[in-house]
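The block underneath contains the structure these notes are about, expressed in structure tokens.
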Amino acid sequence: MTLRTQQQETQTMNLAPHRAEDVMIGEPVQTQKWLKLFFEEKALQSRLYEVQAADGVHLIGTETVIELIHQAPPNEQLTVMNVLTQIDFHNGNVHHFLNHLAACYVRTMAAFD
């Protein structure tokens, strides 16, 4: 591999910022790219998150939660990105956070019923 190819590859790998501070508020495209790349690089094992609610038990898959993140408003995506950055920095469990988001989603949907 030539030096130029290595540099191009390195630049391609560094498309997304590694720190929340690198994404300016008001730059939703950068946040979306960061989230997309984060989940691609993590290649999380698919799980079902079990959420207890007043109307019963809800099962929400990892892919569904990730899709909901991608559909969220830019300010919420930025918040999710900041939390994922902290979790990743501390080698935390991303699934624990996704389970939390699944529970929030179920509670939010129940409030509209």
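Give me a comma-separated list of calculated 3J(HN,Hα) values for segment 29-34, in order, Karplus coefficients 6.51, -1.76, 1.60 applied at θ = phi - 60°, integers in Hz, x for any Gly or Pro. Listing the rounded values in order: 5, 5, 5, 4, 4, 4 Hz. Computed from phi, the 3J(HN,Hα) profile of segment 39-48 under the Karplus parametrisation 6.51, -1.76, 1.60 (θ = phi - 60°) reads 5, 5, 5, 6, 6, 4, 5, 5, 9, 10 Hz, with x in place of Gly and Pro. Rounded to the nearest whole angstrom, the semi-axes of the ellipsoid equivalent to segment 48-113, taken from the Cα gyration tensor as √(5λ), stand at 22, 14, 9, largest first. Label separation (L44 vs E76): 1.5 nm, computed from points 7 Å beyond Cα along the C-beta direction.
Read-outs: derived from the displayed coordinates by stated rules, not from any lab. Just so you know, these numbers come straight off a predicted model, no measurement behind them. Because the Cβ atoms are built from the backbone with ideal geometry, glycine has one as well, and the counts that use them run over all protein chains shown.
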